[in-house]
Each structure stands twice: as structure tokens, then as C-alpha cells.
1. Could you grab me the full set of residues in segment 197-224 that are in a strand (DSSP E or B), over 15 Å from residue 41 (Cα atoms) and in contact (Cβ under 8 Å) with a residue 60 or more places away in the chain?
2. Among the listed residues 156, 125, 147, which satisfies the condition of being surrounded by fewer than 18 Cβ atoms within 10 Å (Cβ to Cβ), within 28 Å of residue 32 (Cα to Cα) and at pLDDT 90 or above?
3. If you take the residues in segment 179-229 that are polar (S, T, N, Q) and surrounded by fewer than 21 Cβ atoms within 10 Å (Cβ to Cβ), which one is nearest to residue 165 (Cα to Cα)?
4. Could you please let me know if residue 181 is within 20 Å of residue 215 (Cβ to Cβ) and either touching a Pro at 6+ places or on another chain (Cβ under 8 Å) or not in a strand (DSSP E or B) (or both)?
5. Give the number of residues within segment 199-232 that are more than 17 Å from the chain's Cα centre (by Cα) and charged (D, E, K, R).
6. Which of the residues that make up segment 159-172 are over 18 Å from the mean Cα position of the chain (by Cα) and either exposed (fewer than 13 other Cβ atoms within 10 Å of the Cβ) or touching a residue at least 24 places away in the same chain (Cβ under 8 Å) (or both)?
7. List every residue pair whose Cβ atoms sit under 8 Å apart, with the two residues 6 or more apart in sequence or on different chains, where the first one lies in segment 87-112 and is surrounded by 18 or more Cβ atoms within 10 Å (Cβ to Cβ) and the second, anywhere, is assigned to a strand (DSSP E or B) and of a type in the set (Gly, Ala, Ser).
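The values are calculated or read from the model by the stated rules, or taken from the named source; none is laboratory data. Just so it is clear, the structure is predicted and the values come from calculations on it, not from any experiment. Positions of Cβ are backbone-derived with ideal geometry, glycine not excepted, and every protein chain shown enters the neighbour counts.
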Amino acid sequence: MKQKLSTLVAQARGGRVIRTPFIEADEIDRRFLNDEEVRHRIAGGFPDARRVILTLHPAHIPEVDAGVSVYRIHPEDAAPAWDTQDFTVQLRRLELDEEQLGDVREERGAFLVAATGKAAQTLESLTELGGRHVDVEEIGESAGKGSKVREVVVPSMRVDVVGAKGFGVSRAYFQQGIDGGKVRLNGAPARASSEIREGDSLSAEGLGRIDFRRVLNETRRGNYKVELDVHK
């Protein structure tokens, strides 16, 4: 990130809408985002995006568009078939601004690309890539299946406990994802014993993202009822 996050927050507090280019999610120190005068939005087109755009705006503005679009690009069938690395090489030959390109994902013979600005405009009008005809479809701002607010009861705020409960999988299964480096807390690799707090974001490859909203109350048995925003 070219500017310090504290500087960007101060600019938003002063009345400006601030939007970064695509940055690595683990570059964002969320401690600076706990500001009552500033709202923020982190968007990368995918619930578990590695590259994201951070938008900051004054709290009196209800909502601001993140400006991220996701495109499904389907190359014609030809040999050899492209994998994600092959496709990315061809994409770079378009000389697009890398700060306007987010994650690239493969999906059943097609590729999903998150983009913004002129890079998004170029992708939208694309008809050929690497000598192959391509079909391009804009699939919106998010390639996920939507989000749902869930209230769950957990015995602790450990990442493995909240993650398993929030995504509706077994704790053992979620632990496998942690061990494989597929689970990230606020953009950084997560540990099972790490505690998740209000405002934190927990992403798991193949499952989606959980935004921890708040602790609603503590039960008589010492458990916690929490509110989660689950993106799949």
C-alpha cells in the first residue's frame, strides 16, 4: 500500500471517499478501521479474495460502490488446454494495469477475473486472447453465491471453532484447511488457536468468507451467541 492506512482513514474522516487500487488483503491492518467516523468496505470479487480494493468513506454516507467487477472469460476449445497460469500469461500480454486486476480463478474450462477501471473495460470488450476466440460475460461484483447473516452459539472465539460453526462443517474438516494454509484471518494465514474479534474477516478457500459482526450475549453455560455475515 503506497500510503499508510492511518493517512487514508484520516482523509475519509475529513469527508473524502477513498478507494485503493487492488492490494494484498494481508496488507490491511484492520485495527485502523475501527473508527466510528469512517466506514469501510473490502471487496475483491470473491469471498476469499487474496487481492482486494479497500474503500473508505465518512460514516454519514450510507454505502459506496467498491467498483469491482468479475468477468467469466471462456476461451474456445483448443489444444493444449490452458490452466490458470497459461491464462494469466496471456492476460499479462494485454499490458493491463496490474493495480486494476484482482484474483484470477479457473471454473470448468473458463476463467473468472476480478477487475476495475480501464482493465475492466478492456476485459468486457475482449473477443480474442492469445490467438483464441473468447466469450466474455460480466457476472457482477461478486462471484460468490451471496451472503447470509447467521446467529450461532460457540464455546469460544477460537478460529477453528467459529469457522467450523459459521460455515457449517466439522471442526476436523476445518482444521484440515487451517493445516493446509487455506484459511486466512484478516488476510494472514490463520492459526486454530487464534481468537476472532468483532470486525475481523475469516476466509477459507472453497468455503467463502465470514465477517464477524458482534457478540450478542453470553449464555448461562458460558457460551457465546454471535452474529456472523457468511459469504459463500
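1. Matches in segment 197-224: 203, 204, 208, 216, 224.
2. On the way: 125 fails: within 28 Å of residue 32 (Cα to Cα); 147 fails: at pLDDT 90 or above.
Among 156, 125, 147, only 156 is surrounded by fewer than 18 Cβ atoms within 10 Å (Cβ to Cβ), within 28 Å of residue 32 (Cα to Cα) and at pLDDT 90 or above.
3. Of segment 179-229, the ones polar (S, T, N, Q) are 186, 193-194, 201, 203, 217, 219, 223.
Those left that are additionally surrounded by fewer than 21 Cβ atoms within 10 Å (Cβ to Cβ): 193-194, 217, 219, 223.
Working: 193: 15, 194: 15, 217: 17, 219: 17, 223: 13 Å.
This residue is 223.
4. On the way: within 20 Å of residue 215 (Cβ to Cβ): no; either touching a Pro at 6+ places or on another chain (Cβ under 8 Å) or not in a strand (DSSP E or B) (or both): yes.
The answer is no for residue 181.
5. Restricting attention to segment 199-232, the residues satisfying the condition of being more than 17 Å from the chain's Cα centre (by Cα) are 214-227.
Going one step further and asking which of them are charged (D, E, K, R), we end up with 214, 218, 220-221, 225, 227.
The qualifying residues number 6.
6. Initial filter on segment 159-172 (over 18 Å from the mean Cα position of the chain (by Cα)): 160-162, 164-165, 168-172.
Once the filter is applied, which keeps residues that are over 18 Å from the mean Cα position of the chain (by Cα) and either exposed (fewer than 13 other Cβ atoms within 10 Å of the Cβ) or touching a residue at least 24 places away in the same chain (Cβ under 8 Å) (or both), segment 159-172 yields 160, 162, 168, 169, 170, 172.
7. 96/115; 100/115; 101/114; 101/115; 102/114; 102/115; 103/114
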